[in-house]
1. Which members of segment 90-134 meet the condition of being of a type in the set (Val, Ile, Thr) and under 24 Å from Ala34 (Cβ atoms)?
2. Might you check whether a residue that is assigned to a loop (DSSP other than H, G, I, E, B) and either touching a residue at least 60 places away in the same chain (Cβ under 8 Å) or among the β-branched types (Val, Ile, Thr) (or both) occurs anywhere in segment 42-65?
3. Glu146: closer than 24 Å to Ala28 by Cβ and at pLDDT 95 or above, yes or no?
4. Looking at Asp62, is it under 17 Å from the mean Cα position of the chain (by Cα) and loosely packed, with under 12 Cβ neighbours inside 10 Å?
5. State the number of residues belonging to segment 97-146 that are within 17 Å of the chain's Cα centre (by Cα), within 22 Å of Gln41 (Cα to Cα) and surrounded by fewer than 16 Cβ atoms within 10 Å (Cβ to Cβ).
6. Would you mind finding the one in Tyr88, Tyr47 that is touching a Gly at 6+ places or on another chain (Cβ under 6 Å) and under 15 Å from Gly142 (Cα atoms)?
Amino acid sequence: MKKIRRLVLSTIIFSCTLQFVIAQSNKARINHLAIYVVDFQKSTSFYRDIIGLDTIPEPFHDGKHTWMKIGPKASIHIIQGAEAKKEYYKGNHICFSVESLEKFIELLKKNNISWEDYNNNKMAITSRPDGVKQIWLQDPDGYWIEINNAKE
């Protein structure tokens, strides 16, 4: 009887463990973001030279796609195809963290790129309750980008 109980208990534990492993392996994770842009070269330069992203291989090789690494297993796809620049809501944004917000702001100044705080105050910085500082700017197509100094 004890052997049967042990066998049943072992089977239950194994089954629960297996279900947990399957559930964990099937969770969604970020792969990429895609943005359609009006001026492909201008946007590629912005994300490479201002935001500081590195390009990664892309399969199309058609001069209308740039893929850039945004994390360990994630990328942003910049795609030629938007007909016109659009207006976007600031709350819908991409966020990048930098080591030094001050150095990033100097890069913006050097390139005549404006920024603001979340409340639309030009050349201002937002301070979150946890001490993280953040600024907001727009890419050449009007997509909002938050830059902050959050530590990982």
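The values are calculated or read from the model by the stated rules, or taken from the named source; none is laboratory data. If you're wondering where the values come from, they're calculated on a predicted model, not measured in any experiment. Positions of Cβ are generated from backbone atoms using ideal geometry, with glycine treated the same way; all protein chains shown enter the neighbour counts.
1. Ile94, Val98, Ile113
2. yes
3. yes
4. When the stated conditions are applied, Asp62 does not pass them.
5. Going through segment 97-146 one residue at a time, the tally reaches 1.
6. Just a single option satisfies the conditions, and that option is Tyr88.
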